[in-house]
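In what follows, a structure is listed as structure tokens, so that the remarks can point back to it.
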Amino acid sequence: MPNRPLPALTPMAFVRAMVAAYRKYGQDPAEALREARITPAQLRRPDARIDALQMETVSARAMQELDDEALGWFSRRLPWGSYGMLCRASIGAPDLGVALKRWCRHHRLLVEDVRLSLSTDGPAATLAIAEAVPLGEFREIALVTLLRSVHGFACWAIDSRIPLREAAFPFAAPPHADAYPAMFPGPVRFGAARAGLVFDAAYLALPLRRDEPALRTMLQRALPLTVRPYRRDRLLAQRVREQLRAGAANAAVLAEALHVSVRTLHRQLHDEGSSLQALKDEVRRDAALALLARSERPVKQVAALSGFRNAKSFARAFRQWTGQTPEQWRRAAQAP
């Protein structure tokens, strides 16, 4: 069965903060919004939400166009690649505790507007953010994204979910507070003295399970670490997607390329909460959406390039994905 549409959970307030960053730098966000399929009407709606793919798309475009991975939050830009440098500075650590201490120390070399710290108190570890200067209209998105970035990296580095005992924020609950449990699974507290994450200190002793080649792969598409909850074996699913995009036709070809048995491939994907068929559908959907949005190829050709045998089966699958025909979706995606 085709993938279900991604749930729209991310508050539009975060997109409006990106628009404010464009305004700060005197640039136009129109192309980034259009690429992420965010309309002006949606942007104005206080209660609007977008899905993870839209958030990933608009964030990546904004960071590159503005050459600022902090998206205007701080008194100086963090050029494209800054957070990749933080990852590289931490990846060689013997365990997660050392990696996170390196992350905090090197982050201060990038910017002094905020200061990250790691501390332990008995069985609990706390990753906290101290604000050295007022962050103004960027305060919420800055604190949320900083915490999600380091938490996402930590989970990825040890190849394990890190459940949160608490996620704390030094501001009143925003109108979209109901979105926070999806971003920070576990108890969420507003009105705290400072922003921070509390988790079991035992995770700090776990060795890192990623190497430089894995880091290079992850950095090609790092934003899902901050906009999607981490799953235990994210890298396997990503490798399957890459092989499928490269033309792997079936489970046997994939298993050989990934150096596992067919049975192991299916079992590990199942343990991750996915399946080979779901990943095939996801790759075909992404390919079809990209072709429709960025080219004028006939729908029949888009269907063939996306792996469908005929335009009829493609149209049926496309309606299940989007609720629209390919032609309707293309007109909306390419509308000025």
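Numbers below:
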| read-out | value |
| --- | --- |
| Candidate lysines - alpha carbon under 23 Å from LYS280, same-chain residues fewer than 8 apart omitted | LYS300, LYS312 |
| Ascending count of other beta-carbon atoms within 10 Å, so fewest first, for LYS101, LYS312 | LYS312, LYS101 |
| Selection from PRO29, GLN54, PRO40 lying farthest towards where the dipole of region 8-66 points positive, charges on Cβ | PRO40 |
| Relative packing of 21-27, 138-144, 162-168, which averages over residues the other C-beta atoms within 10 Å, highest first | 138-144, 162-168, 21-27 |
| Summed side-chain charge close to ARG61 - residues other than ARG61 whose Cβ falls under 11 Å, Lys, Arg +1, Asp, Glu -1 | -3 |
| Residue order, fewest to most surrounding Cβ atoms within 10 angstrom, among LEU305, LEU116 | LEU305, LEU116 |
| For SER90, SER275, order by how many other beta-carbon atoms lie within 10 Å, fewest first | SER275, SER90 |
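No value in this document is a laboratory result; all are computed from the given coordinates. Here the structure is a predicted model, which is why all the values come from computation and not from measurement. Because the Cβ atoms are built from the backbone with ideal geometry, glycine has one as well, and the counts that use them run over all protein chains shown.
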